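To start, the structure under review is shown below, and the notes come after it.
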Amino acid sequence: MTFADLGLSEELLRAVTEAGYNEPTPIQASAIPSVLMMRDMIGIAQTGTGKTASFVLPMIDILAHGRSRARMPRSLILEPTRELAAQVAENFEKYGKYHKLSMALLIGGVQMGDQVKALEKGVDVLIATPGRLMDLFERGKILLTGCELLVIDEADRMLDMGFIPDIEQICSKLPAQRQTLLFSATMPPPIKKLADKFLSNPKTIEVARPATTNTNITQWLVPVSGAKKRDRLGDLLEDPQVKTAIIFCNRKTTVRDLNRALKRDGHRSGEIHGDMEQPQRIAELDRFKAGEINILVASDVAARGLDIKGVSHVFNFDAPWHPDDYVHRIGRTGRAGATGVAYTFVTAEDAENIANIEKLTGQAIPRLEGAADLVPAEGAPSRSRGRKRPAKAEAPAKADSRPKRGDARPAPEPAREPARERGPRGFTAEPLIEDASPVGEDGWHGPFPEFLRASLAA
């Protein structure tokens, strides 16, 4: 199948060809004809599947007929972050270059005056984050009564960021007779409820099981002590196969500290996190895309949806706290049919997080072995709370049972030891032991709830 088989206009096909694309991805092949038929749609697709073009391309042809009016956008695309909104705007510029469509980008961190001027002239496409859109709406700078097409992108991310009430309010301001497209990597109950409320007889398109990881990505767990993380990262970055890499950290302070350390070691690295002003973040991303730097240290602000071609490796310097974040982080590599490698550093305290990730993705992640300093010595103090690790527990009856959190990992019986495969740089890999005991205080990440503290004291 080619893009010409999907019913797109000649002008649009010309722009797609010039962008270097010939065959649509599965989500594009399934979604584009339905959007052109003006149907409501739910698209469930993992990141890196070409989801953005699946709504941008048909929208361009739909909006080619009609005229914009002042302060009344004809279509609205809601994105959870500034970066994703800017990326969608780039897609409209790339594919719509042979159409005379006007576009406005409403995001925080930039001057509002220019955005208001664009709205006053009238726009065919309005791409916005919910916060900035609601701000301008409440100021009376925008009317939504002429919007005939709504796209809610990265709906599960919207849920994570607390935007669902804003989206419900925005939907209530739009005409009842409209076309609505909702895209999400997963479909948790609140998103299903949102779809049931605001979509009319939608067609559901699912090109991959929710929360699965891209099969083009080779995944590894790297057991390591907290004190040895930087050393282990340095070893892995020496691999000549690491061309470009994104390194994810859970905290902004870690992002800054790690970037400084990498620069001291001679790496061409940069950083992006939530404390940076929007122009700084865009400039850093442009440097990474242009190849001025080949390592980008990032917080989760950059995890979802950013389409940066040619990222060969992803490193989770900190194991993500939420399983969904793992899927979206490693999805920065292995995009558009390319292959990639993802390493996740795991300390003794990360067992519960990893177990949740494996449960969500439905697969065991092999772990690299082969270095004595990867795992803290028995009885060594924990960096997070200054406690000593408990004495080694007896080996459980079943070889695939997980020891309790903080216990030393029991050696498997020789007769039951699983076959190992070779990992990169001479490491060997073995499957992660499945199942996990409930998390205790030592494994808690973030503020400790008072009701749990009270129950422990009792």
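The values are calculated or read from the model by the stated rules, or taken from the named source; none is laboratory data. All of these numbers come straight from a predicted model, not from anything done at the bench. Please note: Cβ atoms are built from the backbone with ideal geometry, for glycine as well, and neighbour counts cover all protein chains shown. All accessible areas refer to the heavy atoms of the entire protein, side chains included, with ligands and DNA or RNA removed. Shrake-Rupley method; radii C 1.70, N 1.55, O 1.52, S 1.80 Å.
The residues of region 68-209 have, on average, 43 Å² of accessible surface per residue, using a 1.4 Å probe with all protein chains present.
Straight-distance candidates among the lysines for linking to Lys203, with alpha-carbon spacing under 21 Å and chain neighbours fewer than 8 residues away dropped: Lys51, Lys192, Lys193. Counting only lysines at least 8 places from Lys121 when in the same chain, those with an alpha carbon closer than 28 Å to its own are Lys94, Lys97, Lys100, Lys141, Lys173.
Per-peptide packing, taken as the mean over residues of other Cβ atoms within 10 Å, places 196-204, 146-154 in the sequence 146-154, 196-204 from highest down. For the pair Lys117 and Ala70, label points projected 7 Å from Cα toward Cβ lie 1.6 nm apart.
Multiplying the residue separation of Glu23 and Ala364 by 0.36 nm and subtracting their alpha-carbon distance yields 119.5 nm. Estimated at the nearest 10 Å², the accessible area of Ser172 is 80 Å² with a 1.4 Å probe.
Measuring only protein heavy atoms, the 1.4 Å probe finds Met1 accessible over about 130 Å².
Shown are Met276, Met41, Met187, whose ranking by accessible area with a 1.4 Å probe and every protein chain present, most to least, is Met187, Met276, Met41.
Farthest toward the positive end of the dipole of region 198-272, out of Thr215, Leu262, Leu233, is the Cα of Leu262, where the dipole comes from beta carbon charges about the Cα centre.
In straight-distance terms, cross-link reach from Lys252 covers every one of the lysines whose alpha-carbon lies under 27 Å from its own, apart from those fewer than eight places away in the same chain; here that gives Lys228, Lys229, Lys243, Lys263, Lys289, Lys309.
Between Ala290 and Glu238, what FRET efficiency comes out of the Förster formula 1/(1 + (r/R0)^6) with R0 = 22 Å and r the beta carbon distance, rounded to 0.05? So, using R0 = 22 Å, E works out to roughly 0.40.
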